[in-house]
Amino acid sequence: MKSTFLRILLAAAVTLTISALAQTGSAATPSGPAATSATPAASAPATTGPTSGTKVGTINIEGAIFGNNEGRRDLEALQKKFEPKQAELKNQNDELDALKKQLTTTKDKLNEDAAATLQKQIETKQKLFDRSVQDAQEDFSNQNQEIAAKILQKLAPMIVKYAQDNAFGLIIDTSKPWPQSPVVMASESVDITKPVVDLYNAQSGVPAPTGAAKPAAPKPAGSTGTPKPAAPKPAETPKQ
């Protein structure tokens, strides 16, 4: 479900939210109906540090959103919700595939009217299938973006607070690798994704999804393997 639009949405939301929070200086606290103040996780640095600094840090925003326990839980629930739709699309695709094979293997035996009727049936079903796939992908993408926006609303104040408490004057998003982003290389030593995720997990109190594989730690810019949400993947329609 993803993703150029999602990245633009996240980038704009992060910029606006973090900029507004940072302007409040040391008084910055989580705001909004879904965000509350909380004590940082035990593994996080002390919160008595300076409110501004000169250090430069990086964070994988997408990795933080979909790598924390709440994001993983909500994303897995969304994927589970769409399983019936995926099965329905697969059945439609299989039916189309069978009709196309029928046309290919019997076109020499069918009269002109019968072949035209079968061809028209395939075209009609193809249009319906393509529309169903598009609708499912848009629906999945919209709900995925809702999850991201909800979590980002609570995550952004934590990023600001962590940066202020640890003397970071600049935090750069490394969700996209170079050359899609201007960051060519960033050391893991300046990446704050994991401590921010740990802080988020401690505040949310949401346990790790049971039976789910632990996601790989988000990597700095220039690497691959950024956690991304899954999207419905119906079987590809065979070409005529």
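Would you pick out the residues in region 180-202 that are over 20 Å from the mean Cα position of the chain (by Cα) and at pLDDT below 95?
Pro182, Val183, Val184, Met185, Ala186, Ser187, Glu188, Ser189, Val190
Within region 65-72, is even one residue touching a Phe, Trp or Tyr at 6+ places or on another chain (Cβ under 7 Å), among the small types (Gly, Ala, Ser) and at negative phi?
No, region 65-72 contains no residue that is touching a Phe, Trp or Tyr at 6+ places or on another chain (Cβ under 7 Å), among the small types (Gly, Ala, Ser) and at negative phi.
Can you tell me how many residues within region 82-141 are modelled with pLDDT under 95 and hydroxyl-bearing (Ser, Thr, Tyr)?
Adding up the residues that qualify gives 4.
Filter region 175-200 for residues that are touching an Asp or Glu at 6+ places or on another chain (Cβ under 8 Å) and under 30 Å from Lys81 (Cα atoms); which is surrounded by the most Cβ atoms within 10 Å (Cβ to Cβ)?
So, considering only residues that are touching an Asp or Glu at 6+ places or on another chain (Cβ under 8 Å) and under 30 Å from Lys81 (Cα atoms), the one surrounded by the most Cβ atoms within 10 Å (Cβ to Cβ) is Ser175.
For every residue, the table says whether it meets (1) of a type outside the set (Ser, Thr, Tyr); (2) buried (at least 16 other Cβ atoms within 10 Å of the Cβ).
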| site | (1), (2) |
| --- | --- |
| Gln119 | yes, yes |
| Leu128 | yes, no |
| Ser132 | no, yes |
| Asp135 | yes, no |
| Asn142 | yes, no |
| Glu146 | yes, no |
| Ile151 | yes, yes |
| Leu155 | yes, yes |
| Ile159 | yes, yes |
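For region 155-207, give me each residue that is over 19 Å from Asn68 (Cα atoms), in contact (Cβ under 8 Å) with a residue 12 or more places away in the chain and polar (S, T, N, Q).
Those that are over 19 Å from Asn68 (Cα atoms), in contact (Cβ under 8 Å) with a residue 12 or more places away in the chain and polar (S, T, N, Q): Gln164, Asn166, Ser181, Ser187.
Only one of these conditions is not met by Asn142: (1) polar (S, T, N, Q); (2) in contact (Cβ under 8 Å) with a residue 12 or more places away in the chain; (3) within 19 Å of Ile65 (Cα to Cα). Which number is it?
(2)
The values are calculated or read from the model by the stated rules, or taken from the named source; none is laboratory data. Because the structure is a prediction, the values reported are computed rather than measured. Glycine gets a Cβ as well: all are built from the backbone with ideal geometry, and neighbour counts include every protein chain shown.
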